[in-house]
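Q: Could you have a look at this structure, given as structure tokens, before my questions?
The values are calculated or read from the model by the stated rules, or taken from the named source; none is laboratory data. Since the structure is predicted, the reported quantities are computational estimates derived from the model, not experimental observations. Cβ placement follows ideal geometry from the backbone for every residue including glycine, while neighbour counts extend to all protein chains displayed. Remember, those area values only see protein heavy atoms, side chains included, never the ligands or the DNA or RNA. Shrake-Rupley method; radii C 1.70, N 1.55, O 1.52, S 1.80 Å.
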Amino acid sequence: MKINDEQIEKLLLDAGIIGKEALGNIKAQADTEKLGLQDIVVKNNIISEKDLTKMYSETIDAHFIDLNPKEIKREILKLIPEKFAKQYKVVLFGVEEDGSKLIAMEDPDDVQAINFLQKQIGTNLKMFVAPTSSILQALDQYRDNVSSELTKVLAPDQEEAEDDEDLSEEDLAEDSPIAQTVNLIIEYAIKSSASDIHIEPRETYVSVRYRVDGILKEANKLPKKVHGPLVSRIKILSNLKIDERRAPQDGRFKIQIGSGFYALRVSTLPISEGEKVVMRILNESSKALTLEELGYWGKSLDTINKAIIQPHGMILVTGPTGSGKSTSLFSTLSLLNKPSVNISTVEDPVEYKIPGANQTQVNPKAGMTFASGLRALLRQDPNIIMVGEIRDGETAGLGVQAALTGHLVFATLHTNNAATCLPRLLDMGIEPFLIASTVRAVVGQRLVRRLCVDCRSPEKPDATTTKKIYETFRVVDKTKMKYIHELEKAALDGGIGKSNGKSGHSETDSLSTTEDTIMKIWKAKDDGCEACGHTGYKGRIGIYEVLDNSSDVQKLIVGNGTSDAIQNQAVAGGMVIMQIDGFIKALRGQTSIEEILRVTSER
């Protein structure tokens, strides 16, 4: 809903959300960026779109509804033709027993839309105001699955195999079947919450696969003849060379789907059957999650919070590719992002845009490496520096020097766990006493799939299962079982696995363990449900270990201690190792034991 600037001002001032001085600054920003006041206040997180729409609905005496698209039945939704629903931004979301039609609208004063609705579905209407974003999400429900949509677009009578050398302008036009195919592939990837799209030529067909929650799944098979035009269309969008098929290329483009803005990082690679394309999807509309929302709790949360408020030092985040390191750093830097602080980063690539931060993209061809970029950043008067990845001794040395000279430095490193990060720095030629005096904390992390809250189920483990769990997580005696029980209590207190208010999920409010045994474990439903796409899992959560560089750990570093000795000392100081953190989250119904073993098992 578009609310005029005068009404926005009145709503915010009357509710005490903003003062007159701050409002003046926001209005100046709106003028500079040529945006309405509504867009600016939502963009700056002064008020959410939902809360703003709700406040406005009260002033115009209209009913407010926050639509849940998944609860709308398609047969009811389709009583209004898709074309008109999208034109007027109206959603029919329910029919009451007396025949009243429940309508959600962006603008309840749209007389033309109301007249059309009365002609189309009758006069017995109940009108509601809904946030624009939830209306757009509901309108997405008109679409069928990707296979049927693509079948409609790629008509069977389409001319046979054209080589990409003979592409016509019509083949690649905005409204061509190929352009629509690319849009559909991206749209359904986003609807499936995919992180990557793989377009892979095979001998007789083109495979389209989505990576959802870390697992690759085939979404569709396309005719081999569309491969050339498809790749060329993606290259045009990402400003790549269409006629270069023998060398890898990298590009990027942006797209708007519904109310969300997405950046797609494109990589092409010649393989034996043609060119493979992989597109990484980055949601530019997403807001930084809090550390608690990412899955930090207890001692880990305390350690990381203590480390990031230090005036100087290094915080290192470790883990393999795709383990969520960039997301953790994005959340941490967003937490520290204030007008009084200069945050400068050097990344490869810049994945998350942080408003107000100075983010630099690595470009080795132009001589812009992590080391040269970091050296330049130090002359830019930064308070906080983030290095996308420490790959060599030169970058590591510069990072340590920056930490020694009064800067707070964040960086990522590829190691298996937190403890092996410190010997890795030694291996890069950093002096032990420098590591001991500059490193504040080291985070080791992985991502595991979340159990679907709609179909997960608890069960009491039998003696054989319990014994196997004890062996896997080294619960060797009653003392260790009591330790697990105390950790689960702390996790519950920290909000891990608390029920979300839905009926039937209150079992997560009770503990899964006692001091003596495991009472229940949570399982994914074999064939899942509609909500999770029949996988049993939906979304991901991090499992972490946060090593505090205590005085005892520092002594081991200076004495060239092994990673095992450093880990044992950290555990003695209260660190919860990654596998146990995952075990606790499995007991809390967040994930499954199978998932923890999938990402942490070393055998």
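Q: Out of the total accessible area of segment 260-367 (probe 1.4 Å, heavy atoms of protein only), what percent is carbon and sulfur?
A: That share works out to 54 percent.
Q: Evaluate E = 1/(1 + (r/R0)^6) for residue 341 and residue 17, where r is the Cβ-Cβ distance and R0 equals 30 Å; express this FRET efficiency to the nearest 0.05.
A: 0.80
Q: Something else now. With every protein chain kept in place and ligands, DNA and RNA left out, what is the accessible area per residue of the chain? Probe 1.4 Å, answer in Å².
A: 49
Q: Within a Cβ distance under 9 Å of residue 92, other residues only, what is the Lys/Arg minus Asp/Glu net charge?
A: +2
Q: Restricted to Cα positions, what overall size does segment 459-603 have along the principal axes? Three whole-Å values, descending.
A: Principal axes ranked by extent give 55, 32, 31 Å for the Cα atoms.
Q: What ranking, highest mean first, results for peptides 465-473, 178-186, 123-131 when packing means the other Cβ atoms within 10 Å averaged over each residue? Could the numbers behind the result be given before it?
A: Details: 465-473: 14.7, 178-186: 20.4, 123-131: 17.8.
By packing density, highest mean first, the sequence is 178-186, 123-131, 465-473.
Q: With every protein chain kept in the model, how would you rank 386, 55 by accessible area, 1.4 Å probe, largest at the top?
A: Details: 386 15, 55 40 Å².
So the residues, ranked largest to smallest area, are 55, 386.
Q: Let me ask something else. Expressed in nm to one decimal, what extension gain is obtained for the pair residue 365 and residue 82 from 0.36 nm per residue of sequence separation less their Cα-Cα distance?
A: Values: separation 283, 0.36 × 283 = 101.88 nm, distance 4.89 nm.
Contour length minus the Cα-Cα distance gives 97.0 nm.
Q: Sticking with this structure for a sec: Using 0.36 nm times the number of residues separating residue 64 and residue 392, minus their current alpha carbon distance, what extension gain do you get?
A: Contour length minus the Cα-Cα distance gives 112.5 nm.
Q: Tell me, what is the percent relative contact order of segment 240-324, built from C-alpha pairs under 8 Å that lie six or more residues apart?
A: 17
Q: OK, next. Once you have the alpha carbon radius of gyration of the chain, what is it after dividing by 2.2 N^0.38 Å, with N set to its residue count?
A: Dividing the Cα Rg of the chain by 2.2 N^0.38 Å gives 1.08.
Q: How do the peptides 110-119, 410-419, 27-36, 326-335 rank, highest first, by the average count of neighbouring beta carbon atoms within 10 Å per residue? Before the final figure, lay out each step's value.
A: Numbers: 110-119: 14.2, 410-419: 22.7, 27-36: 12.5, 326-335: 20.8.
Peptide ranking by packing, descending: 410-419, 326-335, 110-119, 27-36.
Q: Cut-off under 17 Å on the C-alpha distance; same-chain residues fewer than 8 positions from residue 83 excluded. Which lysines are left, in chain and number order?
A: 119, 152
Q: Hey, what do the phi angles of segment 195-209 turn into as Karplus ³J(HN,Hα) couplings, whole Hz, using 6.51/-1.76/1.60 and θ = phi - 60°, x for Gly and Pro?
A: Computed from phi, the couplings for segment 195-209 are 9, 9, 10, 10, 10, 10, x, 10, 4, 10, 7, 10, 8, 10, 10 Hz.
Q: Moving to a separate point now. Round to the nearest 0.05 the FRET efficiency obtained for residue 572 and residue 310 when R0 = 30 Å and r is the Cβ-Cβ distance. Mind showing how you got there, number by number?
A: On the way: r = 23 Å, r/R0 = 0.77.
That pair, residue 572 with residue 310, gives E of 0.85.
Q: Can you list, by residue number, the Cys in the chain that have no neighbouring cysteine C-beta under 4.7 Å?
A: Flagged as lacking a Cys partner: 421.
Q: Cross-link candidates for residue 235: which lysines have Cα within less than 19 Å, leaving aside residues fewer than 8 places away along the same chain?
A: 224, 225, 254, 276
Q: Efficiency by 1/(1 + (r/R0)^6): what FRET value for residue 598 and residue 468, r their Cβ-Cβ distance, R0 = 22 Å, to the nearest 0.05?
A: Once rounded, the FRET efficiency stands at 0.90.
Q: Show me the ranking of peptides 585-591, 452-458 by mean Cβ neighbours inside 10 Å, starting with the highest.
A: 585-591, 452-458
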